[in-house]
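Here the structure is laid out as structure tokens; the discussion comes afterwards.
The values are calculated or read from the model by the stated rules, or taken from the named source; none is laboratory data. Small disclaimer: the values here were computed from a predicted structure and weren't measured. Don't worry about glycine lacking a Cβ; one is built from the backbone with ideal geometry, like all the others, and counts go over all protein chains shown.
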Ligand SMILES: Nc1nc2c(ncn2[C@@H]2O[C@H](COP(=O)(O)OP(=O)(O)OP(=O)(O)O)[C@@H](O)[C@H]2O)c(=O)[nH]1
Ligand SMILES: [Mg+2]
């Protein structure tokens, strides 16, 4: 099927076409150029929410409950579950499919898991493109769940319009959160599993830690802390309320535009760096690289100048 037809069908919200387009993204297909060119004028309408937090904290359960909450408000919802550490989509995310199964027959919901398939640039490169596909397909809210709290997961979540950081009682979560660098990126904090002991103290500890870094002026956003029992959908309406408040605040202060510009700039940078790395990678065994190496080991050239020459030679033509 040609790209124009696929894009047209995706725009009508046909799940198969959306799936095909995201598979093209996941597989770093050469057709992506054409796909992205066709999607460019169609996207920009979706509100993108990132959810991150330690494994098992309840991200998928919360995501599923949020889908229900947004559906009640009449919104079309996309869910992207990304696993930067895994080359396989599906495996680790199989459980999620079960948790999301109640939405499987709802045409107003599109759910997809995605992995890196080990290609260069990984999800930093492909997640924004998958988001663009869902956006063009008419999803008004896109929930992006990242598995784990490593650097790349945090980066993906931090690039959303609004970033939700989840914690749960116990596990010395406050300290873990601080270590993972997620105390800086949350716009909304959720203490999930509030049916368990220690939720109040986790919320207090979090509140204290957030306050420590505080140098906020009037009108600045103060990330709220919401307690939830996602498994029973308790507190989920409050999360939606916090999200809507953050969105309104961003719009009022020009932050939404700024974030989207930064996201687009990152995306361009990632594509450019990936292209450059691929071209340089193609040079292995090439005589140009060998010649530079030869001049370095014989003391005729320093590695910086050699790198400049290399960049120049791969960016020509
Ligand atoms: N007691 C309790 N358990 C919950 C709650 N929310 C989720 N769980 C359970 O916690 C476990 C993990 O939930 P998930 O939603 O899969 O957590 P996750 O953060 O998506 O996990 P990964 O994707 O593996 O990182 C499941 O067994 C859920 O049923 C809650 O509010 N209270
Ligand atoms: Mg999950």
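Would you be able to say whether some residue in the stretch 231-244 is exposed (fewer than 13 other Cβ atoms within 10 Å of the Cβ) and away from ligand 1 (no atom under 16 Å from the Cβ)?
no
Of all residues in the stretch 62-75, which are in contact with a strand residue (DSSP E or B) (Cβ under 6 Å, 6 or more places away or on another chain) and either without any contact (Cβ under 8 Å) to a residue 60 or more places away in the chain or within 11 Å of ligand 2 (Cβ to nearest atom) (or both)?
Hit for the stretch 62-75 is 63, nothing else.
This table checks each residue for (1) outside the structural domain of residue 145 (by TED's automatic domain parsing); (2) free of Cβ contacts under 8 Å to residues at least 40 places away in the same chain; (3) surrounded by 16 or more Cβ atoms within 10 Å (Cβ to Cβ).
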{"residue": "1", "(1), (2), (3)": "yes, yes, no"}
{"residue": "8", "(1), (2), (3)": "yes, yes, no"}
{"residue": "38", "(1), (2), (3)": "yes, yes, yes"}
{"residue": "51", "(1), (2), (3)": "no, no, yes"}
{"residue": "60", "(1), (2), (3)": "no, no, yes"}
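Can you find a residue that is away from ligand 1 (no atom under 11 Å from the Cβ), farther than 19 Å from residue 128 by Cα, at pLDDT 90 or above and buried (at least 23 other Cβ atoms within 10 Å of the Cβ) anywhere in the stretch 12-31?
No, the stretch 12-31 contains no residue that is away from ligand 1 (no atom under 11 Å from the Cβ), farther than 19 Å from residue 128 by Cα, at pLDDT 90 or above and buried (at least 23 other Cβ atoms within 10 Å of the Cβ).
Hey, does the stretch 298-313 have a residue that's in a loop (DSSP other than H, G, I, E, B), surrounded by 12 or more Cβ atoms within 10 Å (Cβ to Cβ) and modelled with pLDDT under 90?
no
Kindly list the number of the only condition in (1) modelled with pLDDT of 90 or more; (2) more than 16 Å from ligand 2 (Cβ to nearest atom); (3) at negative phi that fails for residue 192.
(2)
In the stretch 135-154, which residues are modelled with pLDDT of 80 or more, crowded, with 21+ Cβ neighbours inside 10 Å and assigned to a loop (DSSP other than H, G, I, E, B)?
Once the filter is applied, which keeps residues that are modelled with pLDDT of 80 or more, crowded, with 21+ Cβ neighbours inside 10 Å and assigned to a loop (DSSP other than H, G, I, E, B), the stretch 135-154 yields 137, 139.
Hey, among the residues in the stretch 255-288 that are farther than 20 Å from residue 155 by Cβ and in contact with a helix residue (DSSP H, G or I) (Cβ under 7 Å, 6 or more places away or on another chain), which one's surrounded by the fewest Cβ atoms within 10 Å (Cβ to Cβ)?
The residue in question is 288.
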